[in-house]
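> Structure incoming, see below.
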Amino acid sequence: AAHDPHAPLPNELSIDSQVYGGELLLRWTFSAERYQPAAIEALAQAYLNQLQALIAHCLSDGSGGLTPSDFPLA
């Protein structure tokens, strides 16, 4: 069910995410009384930049490897 745009929000900022069809989808909901759309756009862009940096790090040579949880009987 869609949220009534005139009803009060349960939170001033909410980010809901899901993976659908192999893609990460984010839905940003925010209070227009508390935040300007440009501020949320800047926050979303910063989030995207950090997520891309994390992905690049995880795909780089030398990252990852075995951890103690890979050896449950040790």
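> Which of the three applies to segment 7-51, rounded, prolate or oblate, going by the alpha-carbon gyration tensor with a ≥ b ≥ c and a/c under 1.5 meaning rounded?
Note, shape of segment 7-51 comes out oblate.
> I need the phi-derived Karplus couplings for segment 63-72: 6.51 cos²θ - 1.76 cosθ + 1.60, θ = phi - 60°, integer Hz, Gly and Pro marked x.
Ordered by residue, 3J(HN,Hα) equals 8, x, x, 7, 10, x, 5, 6, 10, x Hz.
> While we're here: When the Karplus curve 6.51 cos²θ - 1.76 cosθ + 1.60 is applied with θ = phi - 60°, which whole-Hz ³J(HN,Hα) does each residue of segment 7-12 get, with x for Gly and Pro?
Residue by residue, segment 7-12 yields 6, x, 7, x, 9, 6 Hz.
> For segment 26-38, take each phi angle, set θ = phi - 60°, evaluate the Karplus expression 6.51 cos²θ - 1.76 cosθ + 1.60, and give the result in whole Hz per residue in order, putting x for glycine and proline.
Result, rounded to whole Hz: 10, 10, 9, 10, 8, 7, 5, 6, 9, 10, 7, x, 5.
Every read-out reported here was derived from the displayed coordinates using simple, explicitly stated rules and does not represent laboratory data. Source: prediction; values computed, not measured.
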